[in-house]
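Following: one structure in structure tokens, then a few remarks.
Bear in mind that the values in this text are calculations on the coordinates, not laboratory data. Since this is a predicted model, take the numbers as computed values, not measurements. Cβ: placed from backbone, ideal geometry, glycine included. Neighbour counts: every protein chain shown.
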């Protein structure tokens, strides 16, 4: 018999989609599941899309390091109060300093998921407290092992995180049309995580310049802003800003092209057969795996390369995309692994 009271804490929209799917499956088996999240871009709205109930504690700070530490401290206090009432047996979360600290303090186990060991600050502050860490076999074990204790159980799966929801959520053409968009008549643009700690001191391609390249392609550009500073981009002619949440599997599947300064939405798109470009300066192991498996994921390291790839890939037709999503669904995923760990009280599948 596994853990009965499961706490799921969510910090980003990607986490909301993956962990929201997990929460639904755990609830369907009769477990008590508490989902908490913070106010940050599409995070709460992604849970709304899935019909998952949640409690909000804290918000993302766009301020300096002192503001971020203060906001995290306030969040710890709020999460401690909800944990007092719920009495979780286990926390399931990505590297998450606030939630992992509370779980450790109240005696709950911690099942961590990660595909970003390059994010050293949250990893250093949370993964040493993890009982289990679930991660893609694309990532060298040593990159995760350096953060954990000898007693931590490492559980690998052959796939990437995005497979977790692509197996369970279907693209919906009606949703795309409800936004006033024509299927395969638009390009999706998600700017870089410019305020992320792992980008400090790294030069990123300017969002304004990337947007100009995409507008020159002749299609509407669907903008998915990350920060308040990105709202200025929405004023450009030909830009459709989606600010009230979005269905990633639908929006990316019916796009002609997806371009991002991050990585997750590019992997999601490529796994479904939509050509995708990431211009993150980080050459991530999970991205290389997706490319090596034959999915249409590309990386641009400068403006010229981004322009060349965008012009080339935007003309790939629908016929060439067939079969990718079915192949992606044959991969392993972290939702299945985490659900098994919880159900078996820590026994890895």
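Axis angle, to the nearest 10 degrees, between helix 303-313 and the longest C-alpha principal axis of the chain: 80 degrees. Mind jotting down the distance between the C-alpha centroids of region 286-302 and region 11-75, whole Å? Here the two parts' Cα centres lie 28 Å apart.
Compute the helix-to-body angle for 65-86: its Cα long axis versus the longest principal axis of the chain, expressed 0 to 90° and rounded to tens. Tilt of helix 65-86: around 50 degrees.
Can you give me the Kirkwood hydrodynamic radius for region 173-328, using every pair of distinct Cα atoms, in Å to one decimal? Walk me through the numbers on the way to the answer.
Details: mean 1/r = 0.0644 Å⁻¹.
It is 15.5 Å.
For the peptides 210-218, 56-64, the ranking by packing is 210-218, 56-64, with the highest mean count of neighbouring Cβ atoms within 10 Å listed first.
Binning all Cα-Cα separations of the chain at 20 Å, short to long from zero, yields these whole-percent fractions: 31, 59, 9. Using a Gaussian network model of the chain with C-alpha springs under 10 Å, which one of 152, 278, 29 is most mobile by mean-square fluctuation? Among 152, 278, 29, the largest GNM mean-square fluctuation belongs to 29. Note on residue 62 and residue 301: the model spin-label points, each 7 Å out from Cα along the C-beta direction, lie 3.2 nm apart. For the chain, the longest principal axis of the alpha carbon atoms and the long axis of helix 97-106 meet at an angle near 20°.
Would region 1-82 count as rounded, prolate or oblate if I go by the C-alpha gyration tensor, calling it rounded below 1.5 in a/c and otherwise prolate when a/b exceeds b/c, oblate otherwise? Cα axes put region 1-82 in the oblate bin. Taking 0.36 nm per residue of sequence separation and subtracting the Cα-Cα distance, how much length would be gained by fully extending the chain between residue 320 and residue 106, in nm to one decimal? Extra length from residue 320 to residue 106 when fully extended: 71.8 nm. Computing FRET efficiency as 1/(1 + (r/R0)^6) for residue 212 and residue 153, where r is the C-beta to C-beta distance and R0 is 51 Å, gives about 0.60.
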